[in-house]
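These notes concern the structure reproduced below.
The values are calculated or read from the model by the stated rules, or taken from the named source; none is laboratory data. Just so it is clear, the structure is predicted and the values come from calculations on it, not from any experiment. When we count neighbours, we look across all protein chains shown, and the Cβ atoms used for this are built from the backbone with ideal geometry, even at glycine.
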Amino acid sequence: MAVFAVTYRYADDSADARDRHRPAHKNFLEAQYEAGLLRASGPFGPDDVPGALLVLEADSAEDVTALLDQDPFHREGLVAERTVRAWNIFFGGLK
């Protein structure tokens, strides 16, 4: 399996909708974590553009994309931009 770094940039003016859908979003991410696919995730700091970083393991970028298409934040149109990039860990690890 390969490691992928995914960034979300949230849609403008989506804070209220994110608050409403956050429980389902967190449940979705927790299920991926428990399945061993999601290695780490979290929002960017308050001074950054609203978004998040997710680190996942999968066979391909297409698999990551298909999985994250199921994220309630994505389904509800709250993610304005998503990038999925292979990430080669050089130091450290997430094991």
message: So, residue 59, is that one among the acidic types (Asp, Glu) and in contact (Cβ under 8 Å) with a residue 12 or more places away in the chain or not?
response: yes
query: What do you reckon, is residue 73 within 27 Å of residue 93 (Cα to Cα) and of a type in the set (Phe, Trp, Tyr)?
result: no
- line: If we ask which residues in the stretch 60-95 are on the phi > 0 side of the Ramachandran plot and β-branched (Val, Ile, Thr), their number turns out to be 0
field: Filter pass, residue 46 being out of contact with any Ser or Thr (no Cβ under 9 Å at 6 or more places or on another chain), modelled with pLDDT under 95 and not polar (S, T, N, Q)
entry: yes
query: Out of 73, 28, which single residue is at pLDDT 95 or above, of a type in the set (Phe, Trp, Tyr), more than 13 Å from residue 3 (Cα to Cα) and in contact with a strand residue (DSSP E or B) (Cβ under 8 Å, 6 or more places away or on another chain)?
result: 73
Residues (polar (S, T, N, Q) and farther than 21 Å from residue 92 by Cα) located in the stretch 3-53: 14, 27, 32
